[in-house]
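Notes follow once the structure below has been shown.
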């Protein structure tokens, strides 16, 4: 997949991002930039979710933290959530 042309964030994503500790905000920012340049970089483990969340994708920020998103048309994405693995519940 090509580079992401445009990204959007949900209000919930923004609130969750603001709650992250400072060191995780820095890591998250780096990983989001990596995702936007190479959505399927191996270190991100980008994967499609299943079941009730089958319209969404996720990638790793750390071993414990994930970003949940949807791919839109024209290489655009919207970030919905950033949280621990509990994001899927």
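Contact order for the chain, expressed relative to its length and based on alpha carbon pairs under 8 Å spaced 6+ residues apart, stands at 34 percent. So the label point goes 7 Å from the Cα of residue 33 along Cα→C-beta, right? Which residues of region 65-79 then have their backbone N under 11 Å from it? Taking a point 7 Å out along Cα→Cβ of residue 33, no residue of region 65-79 has its backbone N under 11 Å.
Once both labels are positioned 7 Å from their Cα atoms along Cα-to-Cβ, the gap between residue 40 and residue 71 label points is 0.7 nm. The slack in the chain from residue 15 to residue 55, taken as 0.36 nm per residue of separation less the alpha-carbon distance, amounts to 12.2 nm.
Ranked by the mean number of other Cβ atoms within 10 Å of their residues, highest first, the peptides 5-17, 27-39, 59-71 fall in the order 59-71, 27-39, 5-17.
Where a number appears in this text, it was derived from the coordinates with a stated rule and is not lab data. In this text the structure is predicted, and so the values were computed from the model without any measurement. So basically every Cβ, Gly included, is an ideal-geometry build from the backbone, and we count neighbours across all protein chains shown.
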